[in-house]
Amino acid sequence: MVDEGSDLDSASPRKLSDGEFLSAPLDTVRITELEAAIEKATRECNELRDALRNQNRAFELLEAFLSSRADLKEKELRHFLVSLMGFILRVFLFPFRLHISP
């Protein structure tokens, strides 16, 4: 069942808030408003997607940097431990070997 009053309302001019009259049917106005809302939501979604993509890039760069720093620190630690073992051998073991030999 069709409501005749709504058909007449949608086809008749509407008064806007600032005193202007709307000549387009109400359905067209609603469609235009929905299209504008969809465009706005799409822009916001794209902006959020771009922001997330930038955050992911920054995270990947940070992760790569931290990984390379960890590798460097591991090499430095290995070098330090080898040097420390050499020092321990020279200071603590070699003097005793010199005293034991005839």
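What FRET efficiency do you get for LEU52 and PHE87 if R0 is 41 Å and r is their Cβ-Cβ distance, rounded to the nearest 0.05?
0.20
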For this session: Find how much the distance from LEU26 to LEU62 grows on full extension, using 0.36 nm per residue of separation minus their present alpha carbon separation; answer in nm with one decimal.
Result: 7.6 nm
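The numbers here are math on the coordinates, done by the rules we state, and not lab data. For clarity, every value in this text was computed on a predicted model and none was experimentally measured. No Cβ is skipped: glycine too gets one built from the backbone with ideal geometry, and neighbour counts run over all protein chains shown.
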